[in-house]
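Engineer: Below are the structure tokens for one structure; questions will follow.
The values are calculated or read from the model by the stated rules, or taken from the named source; none is laboratory data. All values reported here derive from a predicted model rather than from experimental measurement. Neighbour counts are summed over all protein chains in view; Cβ atoms, including those assigned to glycine, are modelled from backbone coordinates with ideal geometry.
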Amino acid sequence: MSPIWRKKVYEAKAILRKKRNVTPGIDTRTLILELVKREPKTTSEIAKELNMSYSRVLLQLRNMTREGIVGKTEQKPSQYYLTGQGQQVLL
């Protein structure tokens, strides 16, 4: 009997062009993108919903903001939202 392999599905926008991509970062960015795809959220809201540290979430949000994947509102507290840039879901 052959083993069953499960492929992870990543959001294409989780792959950064200007930084080295490592699996934990891609995993974190994919989870963040799934949340902000539904509605804009603050860093604290994202960290709480994903049960991750604030600093871990903020690092990935900053990386994605630099790449133009997510945008940030001017109004405080800042909320992050998905921009139109990017590709489709990768398998």
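Engineer: Scan segment 26-51 residue by residue and report those that are farther than 19 Å from Thr83 by Cβ and in contact with a helix residue (DSSP H, G or I) (Cβ under 7 Å, 6 or more places away or on another chain). Steps first, answer last, please.
Structural biologist: In the first step, residues of segment 26-51 are kept if they are farther than 19 Å from Thr83 by Cβ; the result is 27, 44, 47-51.
Once the filter is applied, which keeps residues that are farther than 19 Å from Thr83 by Cβ and in contact with a helix residue (DSSP H, G or I) (Cβ under 7 Å, 6 or more places away or on another chain), segment 26-51 yields Ser44, Ala47, Glu49, Leu50.
Engineer: How many of the residues in segment 41-91 are closer than 18 Å to Ile26 by Cα and either part of a helix (DSSP H, G or I) or at pLDDT 95 or above (or both)?
Structural biologist: So the count comes out to 22.
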